[in-house]
Each structure stands twice: as C-alpha cells, then as structure tokens.
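Q: Input: one structure, supplied below.
The values are calculated or read from the model by the stated rules, or taken from the named source; none is laboratory data. Owing to the predicted nature of the structure, the values given are computational and were not obtained by experimental measurement. Note that each Cβ is placed from the backbone with ideal geometry, even for glycine, and that neighbours are counted across all protein chains shown. The accessibility values were calculated without ligands, DNA or RNA, using every heavy atom of the protein model including side chains. Shrake-Rupley method; radii C 1.70, N 1.55, O 1.52, S 1.80 Å.
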Amino acid sequence: MTEEDARERVLAAAEELYYRKGFAAVGMDELRTAAGVSLRRLYALFPAKNDIVAAVLQRRHQQWESALSAAVADAGADPRDRLLAVYRYLEDWFCAGDFRGCAFINAFGELGGTNPEVAAIVREHKASFQKYMAVLVAEIGAPASLAAQLSILAEGAQSTAAISADPQVAVQARSAAEVLIDAAMA
C-alpha cells in the first residue's frame, strides 16, 4: 500500500468514526484497526491525533464547498433560485441516513474550547460559508446584511436538524429565507 493509499484509508476511517462517535471517543488503536494500517504507519503519517483531526476537518471543508457549489450551480441562472438552493442542499443532506449534524459544529463543541487549532479551522470554515453567502446575496442585489442573516438561518437549521432528526427543518429554513429575501428586496 502506498503512502497516499494509507493516508486516504486513515482519513476515510477517521472521518466516518469521528462523525459517528465523536472525536474524543475514537482512539488511535480503533482508528488503526478501521483503516487497516499498523500503528507505526499511522503515527508516521500523522504524528498526533490533532494532525488527523485537522486533516479530517480540511477534507470535510473541501467536500462541503464542492457539494454546495454544485447544488447552487444546478439551480440554474436565476440568482434567487441559486440562493435558495443552499436550503435545498441542506434538506438533501439532512435526509441522508448518516446525518449527525455539522462536523464543524460538532468539533467545536467537543474540542474548540481546549484546542485552538480546531477552533481556528472551524472559524475559517464558517467564515468561508458566510463569504459564499455574501456572493450569492450580491448576485440578487440585496443588502450585504442579508448574507449574515441567511447564514445564521442555515447554521441554526443544521443544529436543529441534528438534534430533532427532522429534515423538514430545512424546508422551514428555506421558507424563512424567502421571507428575509423578500423583505430585503422590498
């Protein structure tokens, strides 16, 4: 197995285990077993668990941005439809059988208070989402303040859907987003 193959196996196993069980609940031995690599190889690739957590969060960030951008692009050329596509994307995500909430919110809740690196990665991810929403809001010609409002609505929907296990939260958030958009454009 190449170094890249081993790295991919470790990250895939870590991502699944951390998301399902929590970051602190998964030890290096469990991760090694799930990834099918030796403990020596695991530590050669990632000298500390923090390194794995950071790599998993960076990977999730890339997946999130790619999937969200694709959903917005699939919505077509109408700027309003593109903006509302964010909430359709959330609905699809919330309906996934393995949905356990936002990995970044989960990581921050579990590790953010004691791990400055995790806190910084989560803050960067959330800031990136707000910037993306600002671009979408600018496309419809609405005031910039709408981007923060819609971002907060999406973030709240993620937490509420995770706690309630109700994907309809995204539908409710999309309805609220429509009200905010209409008010901003009036």
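Q: Check off (1) part of a loop (DSSP other than H, G, I, E, B); (2) over 21 Å from L17 (Cα atoms); (3) open to solvent by less than 70 Å² (accessible area, probe 1.4 Å) for V86 and give me the number that stays unchecked.
A: (1)
Q: Okay, moving on. What number goes with the only condition from (1) closer than 27 Å to A144 by Cβ; (2) assigned to a helix (DSSP H, G or I) that Q58 does not pass?
A: Against the list (1) closer than 27 Å to A144 by Cβ; (2) assigned to a helix (DSSP H, G or I), Q58 comes up short only on (1).
Q: Go through the range 13-52 and give me each residue that's assigned to a helix (DSSP H, G or I), closer than 27 Å to A96 by Cβ and open to solvent by less than 40 Å² (accessible area, probe 1.4 Å).
A: A13, A14, E15, L17, Y18, Y19, L31, A35, I52
Matching residues to (1) closer than 24 Å to S164 by Cβ; (2) modelled with pLDDT under 95; (3) of a type in the set (G, A, S); (4) in contact with a strand residue (DSSP E or B) (Cβ under 8 Å, 6 or more places away or on another chain):
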| position | (1), (2), (3), (4) |
| --- | --- |
| E8 | no, no, no, no |
| F46 | no, no, no, no |
| L57 | no, no, no, no |
| A75 | no, no, yes, no |
| Y89 | yes, no, no, no |
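Q: Here is a further query. Among the listed residues E30, E3, E16, identify the single one that is at pLDDT below 95 and not hydrophobic (A, V, I, L, M, F, W, C). Full working, then the answer.
A: Details: E30 fails: at pLDDT below 95; E16 fails: at pLDDT below 95.
Answer to the check: E3.
Q: Given (1) at negative phi; (2) open to solvent by less than 10 Å² (accessible area, probe 1.4 Å), identify the lone condition not met by Y132.
A: Result: Y132 fails condition (2) only.
Q: Right, something else. Can you find a residue in the range 148-167 that is touching a residue at least 12 places away in the same chain (Cβ under 8 Å) and over 18 Å from E91 (Cβ atoms)?
A: Yes, because at least one residue in the range 148-167 is touching a residue at least 12 places away in the same chain (Cβ under 8 Å) and over 18 Å from E91 (Cβ atoms).
Q: Would you be able to tell me the number of residues in the range 1-12 that are surrounded by 12 or more Cβ atoms within 10 Å (Cβ to Cβ), among the charged types (D, E, K, R) and touching a residue at least 12 places away in the same chain (Cβ under 8 Å)?
A: At the first step, the residues of the range 1-12 found to be surrounded by 12 or more Cβ atoms within 10 Å (Cβ to Cβ) are 6-12.
Adding the requirement that they be among the charged types (D, E, K, R) leaves 7-9.
Then keep just the ones that are touching a residue at least 12 places away in the same chain (Cβ under 8 Å); that gives 7, 9.
Number of matching residues: 2.
Q: Quickly run through the range 96-127 and pick out the residues that are open to solvent by less than 30 Å² (accessible area, probe 1.4 Å) and either of a type in the set (D, E, K, R) or in contact with a His (Cβ under 7 Å, 6 or more places away or on another chain) (or both).
A: F104, H125
Q: Also, I was wondering about something else. Of the residues that make up the range 67-74, is at least one open to solvent by less than 10 Å² (accessible area, probe 1.4 Å), part of a helix (DSSP H, G or I), farther than 18 Å from Y18 by Cα and not β-branched (V, I, T)? Give the steps one after another, and end with the answer.
A: As a first pass, look at the range 67-74 and keep what is open to solvent by less than 10 Å² (accessible area, probe 1.4 Å): 68, 72.
With part of a helix (DSSP H, G or I) added as a condition, the list becomes 68, 72.
Of the ones still in play, those that are also farther than 18 Å from Y18 by Cα are 68, 72.
Of the ones still in play, those that are also not β-branched (V, I, T) are 68.
Looking for residues that are open to solvent by less than 10 Å² (accessible area, probe 1.4 Å), part of a helix (DSSP H, G or I), farther than 18 Å from Y18 by Cα and not β-branched (V, I, T), one finds at least one in the range 67-74, hence yes.
Q: Something else about it: I'd like to know if the range 144-162 contains one or more residues that are open to solvent by less than 60 Å² (accessible area, probe 1.4 Å) and of a type in the set (D, E). Lay out the reasoning, then the answer.
A: Of all residues in the range 144-162, those open to solvent by less than 60 Å² (accessible area, probe 1.4 Å) come to 146-148, 150-151, 153-159, 161-162.
Cutting the leftovers down to of a type in the set (D, E) gives us 155.
Within the range 144-162, one or more residues are open to solvent by less than 60 Å² (accessible area, probe 1.4 Å) and of a type in the set (D, E).
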